[in-house]
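Right, one structure below, let's go through it.
Read-outs: derived from the displayed coordinates by stated rules, not from any lab. Keep in mind that this is a model prediction, so the values were computed, not measured. Cβ: placed from backbone, ideal geometry, glycine included. Neighbour counts: every protein chain shown.
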Amino acid sequence: MNPQSSEYASVRTVYWDAGQLCMIDQRLLPHQFVIARYERYQDVAEAIRAMVVRGAPAIGAAAAFGLALAAQQSQADTPEALRADLDQAAALLAASRPTAVNLFWAIQRMQGLARQPHAEVNALRAALLAEAQALADEDVAINQRMGAHGAALVPDGATIIHHCNTGSLAAVQWGTALGVVRSAFRQGKQLMVLVDETRPRLQGARLTAWELIQEGIPHKIIADGASGHYMRTQKVDLCLVGADRIAANGDTANKIGTYNLAVVAKENGVPFYVVAPTSTIDLTTPNGDAIPIEERAPEEVTHIDGHLIAPHGAVAGNPSFDVTPSRYVTAIITERGLIHPPFEVNIRRLMEQD
Ligand code: MRU
């Protein structure tokens, strides 16, 4: 398959087909477009850990379908026995990655459904699959609503700095921060996206640039360290980033490097928007210090595409996320609308709305 073909823009990142979970293998993009198929929840957990699938909403949907697979795999012949098997599967899926709260949110939603009374075990199996499918469909609709809210903030002719990949590939389809870019572009606005390459795994250079090419959106990949230079020397209208977890006070965990970008944006008077569904807001986490930050293998830093770029014996640290204190955030764009400071009050208010 030619990975540059625009037909891939319509393929969901995570979907169900013929009793299997299908996912775009994001480790192979942009040079190969391969759909990986899963029949065992254990393999889905490993795929999340290995980042076949990545991005907060996408891993939430993958985990939900993973539990639907677990229900299929289970030999249980009563709803109670099936619930016990699901708890085991949920524990394994939950251990796959620690920072993105959408993973735990999706697992809890599926377990909540499993706890509802079901007279018959196969009815529960069917209900779990329907719930995973509903979660995935809702994710697309939610992203499009965020896109519409966010696009209103993007002026025609805007230059936007974007970090990581927050597009279709990070969700089921459309995307969060990149979904806002997509929505604004489809409204006919002229845009220039400065794409942070996003070391060490290069989600920007590999995945965001691939999505922007498919949409025909003008862009320029920049080294992460170049964003400050652009903001100081040229007109940059706004920064758009996603989130893996937003604490109750508005502190936000996102891909490593987001904090640096936010600080430099504030220094240069550039508005800094976090785009995330309400499923990324975690009211049980009071502030950013309480968000678990994933530390990944040092080889992600010392190697590129399997090639050692550092000296033999060099030691590397690899925090995969950082926390941006809420004072650097101009507003949070959700599917229910914008959240402005004071975040502590306004996040809770929005979450309490039906
Ligand atoms: O390690 P990743 O690639 O899963 O990290 C993804 C991000 O940090 C995204 O910015 C985040 O999930 C929000 S986008 C939907």
Sum of -39500 (n - 2.57) over DSSP H runs of 4+, divided by residues of the chain (222 nm, nearest 500): -12000 deg cm²/dmol
Eligible lysines near residue 266 by straight Cα distance, threshold 21 Å, same-chain separation 8 or greater: 235, 255
Proximal aspartates and glutamates to residue 220, defined as alpha-carbon separation beneath 19 angstrom and excluding residues fewer than eight positions away on the same chain: 156, 196, 197, 211, 237
nm² value of the averaged projected area, convex hull over the Cα atoms of the chain: 18.0
The chain: angle of helix 258-267 to the longest principal axis, Cα-based, in degrees nearest 10: 30
FRET efficiency estimate (nearest 0.05) - Cβ-Cβ, residue 25 to residue 307, R0 25 angstrom: 0.80
Two-site FRET efficiency, residue 234 against residue 92, from Cβ-Cβ distance with R₀ of 56 Å, rounded to 0.05: 0.75
DSSP bridge pairs, the chain: antiparallel proportion in percent, nearest 5: 50
Charge tally in the Cβ shell below 15 Å around residue 190, where Lys, Arg are +1 and Asp, Glu are -1, residue 190 excluded: +2
Residue order, fewest to most surrounding Cβ atoms within 10 angstrom, among 303, 118, 163, 340: 340, 303, 118, 163
Stretch gain in nm, segment residue 134-residue 78, where the contour uses 0.36 nm per residue and the Cα spacing is subtracted: 17.7 nm
Whole-number Å³ per residue for the convex hull built on Cα positions in the range 6-143: 101
Chain lengthening between residue 11 and residue 353 when straightened (0.36 nm per residue, less Cα-Cα): 119.8 nm
Helix 56-73 axis, angle to the chain major axis (alpha carbon atoms, nearest 10°): 10
Cα-centre dipole for the range 145-351 with unit charges at Cβ (Lys and Arg positive, Asp and Glu negative), debye to 20: 620
